[in-house]
Structure formats: C-alpha cells, structure tokens
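Take a look at the structure below.
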Amino acid sequence: MNQPTPAIVPQSAVRRLPRWALLLLCLAYIVPGFLGRDPWRGADMTALGYMIELAQGHTPWLSPLLGDLPPETDGLLPYWLGAWAIQFTSPWLAPEWAVRIPFVLLLALTLQATWYGIHELARSPGAQPVAFAFGGEADPADYARAMADGGLLALMACLGLARPSHEVTSYLAQLTCTTLAFYAVAASPYRRWTPLAALVLGLGGLALSGAPTVALVLGAASAILTRLQSDADTEGRQRQGWPREASLAAACVTAAVGALVYQLDLAHWRLVWPSFGETRSLARLLLWFAWPAWPLALWSLWRWRHHLRSGQWPLHLGLPLCFVAVSVMITFTTQPADRALLLGLPALATLAAFALPTLSRSMGALIDWFTLLFFTVSALAIWVIWIAMQTGVPAKPAANVAKLAPGFVPQFSALALVVALAATVGWCGLVWWRASRDRAPIWKSLVLPAGGAALGWVLLMTLWLPLLDYARSYTPQVRSVLAVMGPEPGCIQTVGLSRAQVAALQYHGQLSLQRAGLQDECQWLLADIASWPASERMVNAALWELKATLPRPTDKNDHLLLLRRKGPAR
C-alpha cells in the first residue's frame, strides 16, 4: 500500500531557477580558493610535494616517496592526477597552479553529479507530491528540476565543504567518487550504461583514492538497497526488472573493486575508537560542519517517516540515508574526522532537499532571517577587519591581527577589492530579491544560505587571502630558514620533519634534503623541536651547534631548529 506523501507542491512552486544565476553561483564558489593562494600546510602541501616528485621522475609511480617517506594513505590516484597535470602544462604553468586544474574539474563534477542524482531521485514515484483533485499540482519534470536546484544550494551552503573541497588532496577525489556512486544508484531506474560507468568510476576511484573500505561498504549497501525496491511503476518511467538488474550490477562492480583492493593490497585497517571527550568534539563537528543541511535532513526524515516505517525504503530516502550513515560511522572511527564527514554532504543535501516541499511558511522565514543575520554580520566583520589591516582603524581589530600574526605586512590588491565589492553587491541584491516579494519556488529557502556561504568564501579568498597565506602556509618559515643559511647552503640533513615540512622546504626553498643517518656530508641540519635531540643511532648531537630557532609565526608549537656542523664534514 502506497504511503501518503507529505509533499504538497503546486505548479507555481517549481518555478525554474535561472541557469545563469545557478552557474554564476557555482563559479563564485569553485574558483576562489584555487586561484592566487599559496599551498597551505598539512595535506595540501604534502600532496603537492608528492605530485612534483612524481612529475619530475624522482620517485616510482607505484611507490612514491617524499624525503624517503611514503604517503600516509594508499590512495595514489590524486597524486597521479596532479603529476600528469604538471607534466602536461610544464613549463607554462607553475606546479602549484597546474595541480589545481584536475581538482577544479573534480569539484565541478561533484556539484554536477549531486544535481543529477537528486534530479533522478525526485523523479521516482514515491517522491512525487500530492495530486490535487482539480489539477494544478507540480509537473514531475519541473518538480525534479526544482528539487535538484534546492539540493545543490543545500550542498554549497554547508559550512564544512568550503576549505577541503579547494585543496589538492585525496579527500576531494573521494568526495567526487562518492558522489558519482550516489548518482549511479539514483539514475539506475532510468538508464543502464551511464549509471554503470559512473558506478565503476565512483567505487574504483574511491578504492584508488585511499578509501577502499568505504567503496566496498557503499557498493554492498547499494546492491542491497536496490534489491529491496519494488518493480511497480505507476508512471511507466522505470525499466521493468531494474531492481534485480541494478542490484546485480552493483554487486558485480563491488566484487571487482574488492578484487582490485586485494590485488593491490589496499585494505589496511586504520580504525580509531574515540574517547568520551573525543566523542563530544565529534558531536560539535557534526553541528557546524554540515550546517544548515542537517536540521533540514532531520526534518525531512520526520516528515517522510511513514515511508520508512513501511519497510519499503524508497530510493529517494533510503539511498541518501545509507550514504549519510556510512559517512557518520567512519567519522567516529577514522582520522581526520572532518574529512570523513565530507563524504556524506551530498547525501545530506539530498535529504535536506526533500524537506523543502514540507516546510511551513514560518519555518522558511526563520531560515531566511537567521541566514540573513549570520552571513551579513560575518561579511561585515570581514570588511571591518580588512579595513583595520589597511588603515589601522578601528585600532582594536588591527591590534588583534598584529598579535595573532606577528610580522605580517598587509597587502593591497585592487583586483581583490573589486571582486569583493562585486560579491557584496550581489549579496545585497540577493537579499533584496528575497525580501521584496513572496517568492513561491520551493528552493527559495536555500538561496540565502548558499549565497551567504559563497559570499563568505569569496571575501575570505580576496580580502583576507594575504593574511590566510601568511597564517596557513609555510612560506614565512621557509624564508626564515633561507635567511639564516644564506645562498647555496648545499645539502641539509633532517630530523623529525613531517611530510608537509619536507615538501615546503623543497618547493619554496629549493633545498636538497637528506634524512639524518643516511650520509654525513651536510653542513646543516634541520630538526623539529619535538624531535631534538635525536637518537644517537641517527645523529651525534655533539657534532652540531644550534644556529637559530625558527618558529612558524602563527603557531607557537611549530618550531624548526637549524643547526650547523661544528667541524669540517668528514
């Protein structure tokens, strides 16, 4: 027996979101963060280091090394993509620019696959709104398009998506591959070969990007979920027998990926069981990282609960729920937790989209007012602090910046100012559009959250970019190292440096690094302060004298020790 749908949507509510506006919003979200910035510390810098080593032929493609250190994960596909981009664009583009080209495309593909996945789910009979007695309900095609627009807006509004989706790391590749697998299952009732290709690319890409277990779990869940679906189709749009066919395809692809994982020895368990304090921290992460999608997702599950209680687990609810459950599960058992939660954002945005047809006018107004206040105040704070950095007025924000980023010299860019002003004017226009009249489209409640997220990201990547580069890159610290050593320092031994530090010293400083203990011809030694003095089996500390302690300006716990050999090298 079909359960009553909570979606009551007239045709006036599925008005088309102008394609130019949606594309402009996507462009404003994608481009900032990939252009103009330095590689940031951590995974972003580390990935660039491995990509350069591969592109220059300094290390094997199947077992890359960076300063004699293998990657922390087994996912080599992102490194290959970056290395191929460097080789293809050399010498016209700098490596840090070249490696971002494939990742720009990955982020764009993520947004596109999310839109099409939600569109296909919204076409399913169980997701359709109530049919009115005298007609006037939403046309299925228009309804599916409006739902997809709302889901894409919900994804871009998620606060946790911005930074990790603009770094050249395996996490963006995993996000894209997860979204491809999501789209594949969503489109399986209506197409055969395109979803199959997307599923192969999605699960295979996940396995080769450092998430083989996630690939196998999602593949198995997809096979089970599609098999539970009914073959009945009241509107004749689904292929007859598609649940059995789709389930078999998902099982075969999963088995093939499992064989690949076994053959390449990719399955290495890295489970981390959180303590009570860590669990509370993860709960706080869930609150802000997926905001504002998660409250809408919970509301969606509540309003559509009768469909889930029936045991049928319709695809438009079961599929995103499975993907979100897997993401949350690995968030609590793997590190870094925020990158694991990243994989569930497209599915969470899908659930948020299915809340839109059930929202009351008062709840929509609450979302609008909260979003308006939050992002307007945030944008105002960014502008005030930027003005303080440039002029010294107001004095307190300028003093706070000087305290938190000692040595930082503000820079003025006319282009950045023009872009920031254009984004701010666009936000004002969007607010005026939303407040000037009662707009009917169901996606209206997510226009301000998505626009506000894009505004904040654009302002940060224009007005604050010099400050963020100073705070989040290794460039100031590497410059300090070069200033002490002088020109042509020769080879340098290292003790306890992280992969990111090695990559930064090699890329920014063009230094020749050797791990301590491999040879003793170097006049200089760089050590992380926590790793010195080193073991006598690695290096004889009595042969070295401290020349300088070089902190990273914005991190009191990140210090490099620069030592020089006391006597002549032997």
Quick check: from the Cα gyration tensor, does the range 316-439 come out rounded (a/c under 1.5), prolate or oblate? oblate
Two-site label geometry, Trp193 and Ala402: point separation in nm, points 7 Å out along Cα→Cβ: 6.7 nm
What do you get for trypsin sites (Lys or Arg not before Pro) in the range 367-452 restricted to DSSP loop and a cutoff of at most 10 other Cβ within 10 Å of the site's Cβ? Arg437
Check which residues have an amide H placed less than 5 Å from Cys491's amide H, if you skip close sequence neighbours. Gln523
Of the beta bridges DSSP finds with both residues in the chain, what % are antiparallel, to the nearest 5? 60 percent
Report relative contact order for the chain in percent, whole number only (criteria: Cα-Cα under 8 Å, sequence separation at least 6). 17 percent
Length-normalised contact order of the range 113-211 in % [C-alpha pairs under 8 Å, at least 6 apart]: 30 percent
Please list Leu301, Leu373 from largest to smallest accessible area, probe radius 1.4 Å, with all protein chains kept in place. Leu373, Leu301
Within the chain, how many Lys pairs that are eight or more residues apart, or on different chains, come under 24 Å at the alpha-carbon? 4
Taking the convex hull of the Cα atoms, report for the range 62-180 its projected area averaged over all directions, in nm². 10.4 nm²
Any cysteine of the chain lacking a neighbouring Cys Cβ under 4.7 Å - listed by number: Cys26, Cys158, Cys177, Cys252, Cys322, Cys428
List the residues whose amide H sits under 5 Å from the amide H of Arg515, counting only those 5 or more places along or on another chain, with H placed 1.01 Å from N in the peptide plane. Thr494
How many percent of the accessible area of the chain is carbon or sulfur, using a 1.4 Å probe? 65 percent
Which of the chymotrypsin sites (Phe, Trp or Tyr not before Pro) found in the range 56-140 are loop residues per DSSP with 13 or fewer other Cβ atoms within 10 Å of their Cβ? Trp61, Trp92, Phe132, Phe134
Quick check on the chain: helices-only [θ] at 222 nm, where DSSP H runs of length 4 and up contribute -39,500 (n - 2.57) each and the sum goes over total residues. Nearest 500, please. -18500 deg cm²/dmol
Taking only Cα atoms of the range 48-95, radius of gyration then Dmax in Å: 10.2, 31
Over the range 77-144, give the accessible area per residue in Å² for a 1.4 Å probe, as an integer. 44 Å²
Using DSSP H assignments, which helices in the chain have an axial alpha-carbon span of 30 Å or above and a mean Kyte-Doolittle hydropathy of 0.0 or higher? 100-123, 242-264, 361-391, 414-436
Per-selection Kirkwood Rh - the range 472-547 (Cα, Å, 1 d.p.): 12.8 Å
Specify the longest stretch of the chain that does not include any exposed loop site, a site being one of the GluC sites (Glu not before Pro) with a non-H, G, I, E, B DSSP assignment and at most 14 other Cβ atoms within 10 Å. 236-520
Loop chymotrypsin sites (Phe, Trp or Tyr not before Pro), the range 351-413 (other Cβ atoms within 10 Å of the site Cβ: 12 or fewer; DSSP): Phe412
Quarter of Cα convex hull surface for the chain, i.e. mean projection, nm²: 29.1 nm²
Surface per residue (accessible, 1.4 Å probe) for the range 453-561, Å²: 45 Å²
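The values are calculated or read from the model by the stated rules, or taken from the named source; none is laboratory data. Just so we're clear, the structure is a prediction, and the values are computed from it rather than from any experiment. Because the Cβ atoms are built from the backbone with ideal geometry, glycine has one as well, and the counts that use them run over all protein chains shown. Note: accessible area is taken over every heavy atom of the protein model, side chains too, but ligands, DNA and RNA are not part of it. Shrake-Rupley method; radii C 1.70, N 1.55, O 1.52, S 1.80 Å.
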